[in-house]
1. So, by mean Cβ neighbours within 10 angstrom, what's the order for 127-133, 38-44 with the highest one leading?
2. Treat every Asp and Glu Cβ in segment 150-221 as -1 and every Lys and Arg Cβ as +1, leave all other atoms uncharged, and give the resulting dipole magnitude about the Cα centre to the nearest 20 debye.
3. Could you tell me which of the pairs LYS61/LYS227; LYS61/LYS179; LYS117/LYS204; LYS61/LYS320 are separated by over 30 angstrom between their Cα atoms in the structure shown?
4. Can you find, among ALA189, MET230, PRO149, the residue sitting farthest towards the positive end of the charge dipole of the chain, where Lys and Arg contribute +1 and Asp and Glu -1 at Cβ?
5. Rounded to the nearest 10 degrees, what's the angle between the helix 307-316 long axis and the longest principal axis of the chain, both from Cα atoms, 0 to 90?
6. Could you please report the charge total around HIS192, scoring K, R as +1 and D, E as -1 over all other residues with beta-carbon less than 13 angstrom from its beta-carbon?
7. Can you give me the angle between helix 151-164 and the longest principal axis of the chain, using Cα atoms only, in degrees from 0 to 90, rounded to the nearest 10?
8. Between LEU81 and residues 5 or more places away or on another chain, which pairs have amide H atoms under 5 Å apart, with H built 1.01 Å from N, and which residues are they?
Amino acid sequence: MSADFSWIQPHPHGIYVAPADCWVDPSRAVDHALVTHGHADHARGGHGTTVATAETLAIMKLRYATDDGATPVAYGETVALPGGVSATYLPAGHVLGSAQILLEHAGERVIVTGDYKRRADPTCPEYAVTPCDILITEATFGLPLFIHPPIAGEIAKITDALAAHPHRCVLVGAYALGKAQRVIAELRAAGHSNPIYLHGAMEKMCRLYEEYGVCLGDLRLVAGTEKDAMRGAIVICPPSALNDRWSRRLPEPITAMASGWMRVRQRARQRNVELPLIISDHSDWNELTRTITEVNPQESWITHGREDALLRWCELNQRKARALAMIGREDDDD
């Protein structure tokens, strides 16, 4: 194998696959893009061709009104690219359609994880541990303080609050792609079969999830619903709507926020959140380090988050690693 993996090149705006003249998750328009999932810091319109799972392509069409040269690929399917490169899409466990991309060239294997988590999620397949030579991993929650609790306990906080205050509603701020649908699906799994009310901005994405076989139960729009009908109900909205004028139409809402950042009390206070829910679609510290251990790459390339702490962990555990200086947007609402 080559000593420097010169065919795979990190740039501030994406990972360049030189022999194939294509990019992974580029932040600007390119001729040929491989996309891991539909969040805005990984997907965008304007590419000449876009290779992604069918679910991700549908999300991109819905969110960004684009289906540029769409080439759908199934989990486990390998796509032959120019220059003797192959790309295999594997489950990442992040959101609907999310994938890691295994790139192979000249006997070398590189995985770009995109965003991923290791917890079970009823809305998407679980992360697939896959050996490789270079693991390009996110590190959104790459600090030891970020240990996500079991989701069952966080979901119970919602239902317990309703039971204690049946004359009120619980208003949950949740990211519109992935988090909202996961919270709803987990509520259903916990036995909550009552109607769940949605902010209008959530409806289309929830319906798309249902089109791909994710059962979310009885969903209704807040718009057009009498205030009293929502007493004792759960309402899901974008985080930006938690404290704006829209929420005034609700019956004495208990404000909740579903995010890995709710581990940090100051963030909950900043958003005036009464009920912080530590629910993340990213791996926590233990899951990041476990993934590196299980994948066991020759080298880890760390990006999108707290690179320094994970880099130090690799050094202390005699694992070769480097941090990548890539453009990324920290998602406060995860």
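1. Details: 127-133: 16.7, 38-44: 21.7.
The peptides rank, most packed first, as 38-44, 127-133.
2. Numbers: 8 positive and 7 negative charges, 27 e Å.
The dipole of segment 150-221 has a size of about 120 debye.
3. On the way: LYS61/LYS227 34 Å; LYS61/LYS179 19 Å; LYS117/LYS204 24 Å; LYS61/LYS320 39 Å.
Over 30 Å Cα-Cα: LYS61/LYS227; LYS61/LYS320.
4. Positive-end residue among those listed: MET230.
5. 60 degrees
6. Numbers: positive: LYS157, ARG188; negative: ASP160, GLU186, ASP218.
Counting the neighbours of HIS192, the net charge comes to -1.
7. Taking the Cα atoms of the chain, the angle to 151-164 is about 10 degrees.
8. For LEU81, whose amide H was placed from the backbone, the distant partners under 5 Å are SER86, ALA87.
The values are calculated or read from the model by the stated rules, or taken from the named source; none is laboratory data. All values reported here derive from a predicted model rather than from experimental measurement. Cβ atoms come from the backbone with ideal geometry, glycine included; neighbour counts cover every protein chain shown. These area figures cover heavy atoms from the full protein model, side chains too; ligands, DNA and RNA do not enter into them. Shrake-Rupley method; radii C 1.70, N 1.55, O 1.52, S 1.80 Å.
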